[in-house]
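Everything below concerns the one structure shown next.
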Amino acid sequence: MGKIKKHILSIMIISITSQMYLMLFTNGFAVSAGIITFFIIYYFYRDLNSIITGVFSGILVCLLRVLVSMVYGGNFLPGLISHFPETFFYIVIGVSLSFFMKKGFFDNLGKVFLAAFITDILANGTEMFIRNKIGIIILDYNIMGTLTLVALSRAFIVWIILNALKYYRLLLVNKENAEKYKKFLMISSGLKTEIYLMEKNMDYIEKVMAEAYNLYEKISSNEEKDTWKENAINIAKNIHEIKKDYSLVLHGLKDVTEIGISEENMYYHDITNIIEDGIKKLIKGENIDGKIETQLGENFLTSSHFYLISIFRNLLVNSVDAIANRKNGKIQFIHESNENNHIFKIIDNGTGISEKDLEYIFSPGFSTKIDYNTGNINRGLGLSIAQDIAENKLNGSIKVFSELNTGTMFKIEIPRTSLEVKE
């Protein structure tokens, strides 16, 4: 669903639920469920513009209230004067939501409760201030005390609903995990078969190597010329057999990895949780003085979860290595989006990459990670794999920006059409 449709649907839902209200005071002041709906919608759809939604929801709520009052015999102008302050109630909610989202309050349900409470107080306070200024209502301590209790109640309802949805989702995930465990057993058994074939091929390879070396010695010493042709043919035959066996292994591995997962999709937030948990464990296991911070952004359904996990893991592991010898190391994992693309940024304050190395970092085999104590060198395939998947599998791009001794940023941009599937 496009952003415009999501905005329209959100505005309609908020406006309709706002008609579920209680009249606490006189002169049209209503306490509704609109703010509860507003928070729940934006908890799950954080890519939407809450300010736009607030403005149009406020206007529509006001018009609906006026229309309802006219149905019951009221007049348009008095109804408009009575209800137009509610427009500012929803505008303040939109602005407040935008602020709290940027500050990361929506990554923790305790902070969501606090944000909902503060937002409710600000929105109601603004509406009451306007009503007081135009002479509709007179403010006193009793009214403000009641509004504080209302704000606490609605914030608590938001917290309860989001927790209930969270635990319901966990139940579904646990059920899915049980099914995935069964599939994992099937995959494991299939992999063992392919490993057996690969081990068998190792014997063939050693045999071919021995035959090839034997032929080399004969040619070098110019001996047994009459056997050269037969030896060469045997080597070619054995290589052909090895190739056939490895073709079968490759075919088998493809079948194994597609057992029960070819039609499965994942939400981006679930992918992020898996990756974040793994990186946190890696940082802790390596005793690194560092942390990872995530900005989830839009939640979308994708069938390319394995590709995304591979890209993110390779880049994030690279960032973990970069902050390994730093104090207060920090990795930021950010998701943004626009009309056409998903944009992922992985930023660290690690050692950085020298300018002369930047043009080579995506080359297979290139690595600056050398253990001078053991002489071991990293394979240098992680960044190359990430680039290949991003560009050739997902039709996207990957760029790197780095400054030595300051830090590095990887920016991955992938078209929505390459990632998203319909729910």
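Just a few scattered comments:
- Pairs of alpha carbons in the range 266-419 whose separation is greater than 20 Å (percent): 48
- Theoretical FRET efficiency, 1/(1+(r/R0)^6), r = Cβ-Cβ of SER303 and ASP107, R0 22 Å, to 0.05: 0.30
- The range 266-419: relative contact order in percent, alpha carbon pairs under 8 Å with at least 6 residues between: 23
- Computed across the range 3-139, the Kirkwood radius stands at 15.1 Å (inverse of mean 1/r, all Cα pairs).
- For GLY290, the residues whose modelled amide H falls within less than 5 Å of its own, excluding neighbours fewer than 5 places apart on the same chain, are GLY329.
- Estimated FRET transfer efficiency when R0 is 45 angstrom, pair LEU152-ASN265 (beta carbons, to 0.05): 0.70
- Scalar couplings 3J(HN,Hα) for the range 333-341, obtained by applying the Karplus form with A = 6.51, B = -1.76, C = 1.60 to θ = phi - 60°, are 10, 10, 10, 10, 7, 10, 4, 10, 10 Hz; x denotes Gly and Pro.
- Checking the cross-link pairs LYS111/LYS166; LYS5/LYS422; LYS102/LYS280; LYS243/LYS393; LYS207/LYS244; LYS284/LYS411 against a 20 Å limit on the alpha carbon distance flags LYS102/LYS280; LYS243/LYS393; LYS284/LYS411 as lying beyond it.
- Taking amide H positions as modeled 1.01 Å from N, with prolines and chain starts lacking one, no residue 5 or more places away or on another chain lies under 5 Å from SER304.
The numbers here are math on the coordinates, done by the rules we state, and not lab data. What you are looking at is a predicted structure, and each value in this text was computed from that prediction instead of being measured. Cβ sites come from the backbone with ideal geometry, for glycine too, and all protein chains shown count toward neighbours.
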